[in-house]
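Working notes, beginning with the structure itself.
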Amino acid sequence: MNRIEIQNKVKQICNELIYKQGYISSIDVLSKMPYLTDDNIKDWRLGKIPYLEKVCNANLATLSFVNKIIRQIANELKLKNSITAYMKYGKGEKTKLRFCKTGEVIKK
């Protein structure tokens with residue numbers, strides 16, 4: 001997929017998500033694209049995968065581009081930013097889940 005196709009697909013998915021649930025999240029968008037599967041997300045939420053970036057079927061530049069488009073759409077629609085702490089599911093200690101290898105928080 002080239003950048004224009006990615007941009008159009010992200011816009012379409014964001015519009016669907018806003019209509020259905022009233023908000024957009026990067027994980028929801030990536031799971032509706034060919035970059036993340038529901039099984040990947042489930043394994044990450046259970047702590048079987050150390051960071052989500054590891055199982056994404058896209059390079060870092062593409063993931064950054066998708067997040068940039070999501071931010072642009074949110075700004076255009078004047079959506080309110082909300083920080084969500086993703087916590088590990090299942091038994092054991094409830095730790096914060098990581099999105100990327102460096103452990104940095106995704107910028108909104």
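Values quoted throughout were computed directly from the atomic coordinates according to the rules given, and no laboratory measurement underlies them. What you see is a predicted model; the values in this text were computed from it and never measured. With ideal geometry, Cβ positions are generated from the backbone for all residues, glycine too; neighbour counts draw on all protein chains shown.
Work out the charge dipole of the chain with +1 on the Cβ of Lys and Arg and -1 on the Cβ of Asp and Glu about the Cα centre, then indicate which of Cys100, Leu46, Thr84 is farthest towards its positive end.
It is Thr84, whose Cα lies furthest towards the positive end.
Based only on other Cβ atoms within 10 Å, what is the fewest-to-most ordering of Cys100, Cys56, Cys14?
Ascending number of Cβ neighbours within 10 Å: Cys100, Cys56, Cys14.
By the scheme Lys and Arg +1, Asp and Glu -1, what is the net charge of all other residues having a beta-carbon under 9 Å from that of Tyr51?
+2
Please give the net charge around Lys94, taking every other residue with its beta carbon less than 12 angstrom from that of Lys94, where Lys and Arg add +1 and Asp and Glu add -1.
Numbers: positive: Arg45, Lys88, Lys91, Lys96; negative: Glu93.
Within the 12 Å Cβ shell, the charges total +3.
Given the peptides 71-83, 18-30, arrange them by the average over their residues of other C-beta atoms within 10 Å, most packed first. Kindly include the intermediate steps, with their values, before the conclusion.
Details: 71-83: 11.5, 18-30: 15.0.
Final packing ranking: 18-30, 71-83.
For the stretch 24-108, what is the charge dipole size about the Cα centre, in debye to the nearest 20, if Lys and Arg each add +1 at the Cβ and Asp and Glu each add -1 at the Cβ? Working shown, then result.
Details: 17 positive and 8 negative charges, 61 e Å.
My answer is approximately 300 debye.
Gln21: net charge of surrounding residues, Cβ under 15 Å, Lys/Arg +1, Asp/Glu -1, itself excluded?
Neighbourhood net charge equals +1.
If all Cα-Cα distances of the chain are sorted into 10 Å bins from 0 onward, what percent lands in each bin, rounded to whole numbers?
Computed distribution, short to long bins: 14, 46, 34, 6, 0.
Test of understanding: extend the Cα→C-beta vector of Asn8 to 7 Å, then name every residue of the stretch 19-62 with backbone N under 17 Å from that spot.
The answer is 33-34.
Taking 0.36 nm per residue of separation and subtracting the Cα-Cα distance, what length does fully extending Asn75 through Lys91 add?
The Asn75-Lys91 span can extend by a further 2.0 nm.
Per-residue ellipticity at 222 nm for the chain, helices alone: DSSP H runs ≥ 4 residues times -39500 (n - 2.57), over residue total, nearest 500 deg cm²/dmol?
-15000 deg cm²/dmol
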